[in-house]
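Everything on this sheet refers to the single structure shown next.
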Amino acid sequence: MYQWYKVSTVCFAYLSDLPNCALRHNSSALGACRWFTRGWTLQELIASKSIEFYDRQWNMKGTKLSLSTVLSRLTGVDEEIIRDSELVYTASVAKRMSWAASRQTTRVEDMSYCLFGLFDVHLPLIYGEGWKAFVRLQEAIILETSDLSIFAWRVDFVDQAHRGVLTV
């Protein structure tokens, strides 16, 4: 999917939960949209050259470029990376992981799968593996980079199944 977004000419983000309002004065309305909580939309935001954002009445509210400052503040993704996706790999592994930390997916495995493009990782999708997908993702990242920041973060789950160097 990451590559698909990367070669697209333009992507359209229909924000069905965005009321018709002026975003300059009400960027909190944009931040409340579900689009900013979904795991798969992170790669859409970063990889796409151009995104047009539309409210629930299909009024264009802005573009990825015109809203880059607001988008950076809402997502934690550096504005330079929002403006130029080629810079994504200059961000540390921990920083890229942090962008996804508050996002959600319907299936457990998709939380890992939606990050493959951000780390230039190519692995098979194995639905049913649960959180093992995240371990596989971390292992693949470790094999591809010397960035030790992958060990500099943690996840606090009450039902955490795995403990140790690789976090799940």
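The values are calculated or read from the model by the stated rules, or taken from the named source; none is laboratory data. Predicted, not measured: the structure shown is a model, and the values here were computed from it. Every residue, glycine among them, receives a Cβ derived from its backbone with ideal geometry; neighbour counts consider all protein chains shown. We work out accessible area using only protein heavy atoms, side chains counted, and drop any ligands, DNA or RNA first. Shrake-Rupley method; radii C 1.70, N 1.55, O 1.52, S 1.80 Å.
Quick notes
- Heavy atoms of the protein chains alone define the surface here; on that basis the chain has 55 Å² accessible area per residue at 1.4 Å probe size.
- Direction-averaged projected area, Cα convex hull, the stretch 38-110: 5.4 nm², rounded to one decimal.
- Long-range amide H partners of Lys61 with built H, under 5 Å: Phe53, Tyr54, Asp55
- Taking 19 Å as the cut-off, the amide N atoms of the stretch 1-16 that come nearer than this to a point 7 Å along the Cα-to-beta-carbon line of Leu65 belong to 5-13.
- Residue by residue, the stretch 14-21 carries 3J(HN,Hα) couplings of 8, 9, 5, 9, 9, x, 6, 8 Hz when phi is fed to the Karplus relation 6.51 cos²θ - 1.76 cosθ + 1.60 (θ = phi - 60°); x denotes Gly or Pro.
- Coupling constants for the stretch 44-49 follow from the phi torsions by the Karplus curve (6.51 cos²θ - 1.76 cosθ + 1.60, θ = phi - 60°), and in residue order they are 4, 4, 7, 6, 5, 5 Hz; glycine and proline get x.
- Beta bridges by DSSP in the chain, antiparallel share as percent, to the nearest 5: 40
- Share of carbon and sulfur in the accessible heavy-atom surface of the stretch 54-148 [1.4 Å probe, %]: 53
- Label-point separation, Ser98 to Val7 (7 Å along Cα→Cβ), nm: 3.4
- Between helix 132-144 and the chain: long-axis angle, C-alpha atoms, 0 to 90°, nearest 10: 90
- Dipole orientation for the chain: of the candidates Ala13, Ser28, Met111, Ser28 has the Cα lying most toward the positive pole (charges on Cβ; Lys, Arg +1; Asp, Glu -1).
- A simple spin-label model places pseudo-atoms 7 Å from Cα toward Cβ; at Val108 and Ser50 they are separated by 4.2 nm.
- Rounded D (µm²/s) - the chain, Kirkwood Rh over Cα pairs, Stokes-Einstein at 25 °C, 0.890 mPa s: 146
- Using θ = phi - 60° in the Karplus curve 6.51 cos²θ - 1.76 cosθ + 1.60, the 3J(HN,Hα) couplings for the stretch 68-83 round to 4, 5, 5, 4, 5, 5, 6, 9, x, 6, 3, 4, 4, 6, 4, 6 Hz; x is entered for Gly and Pro.
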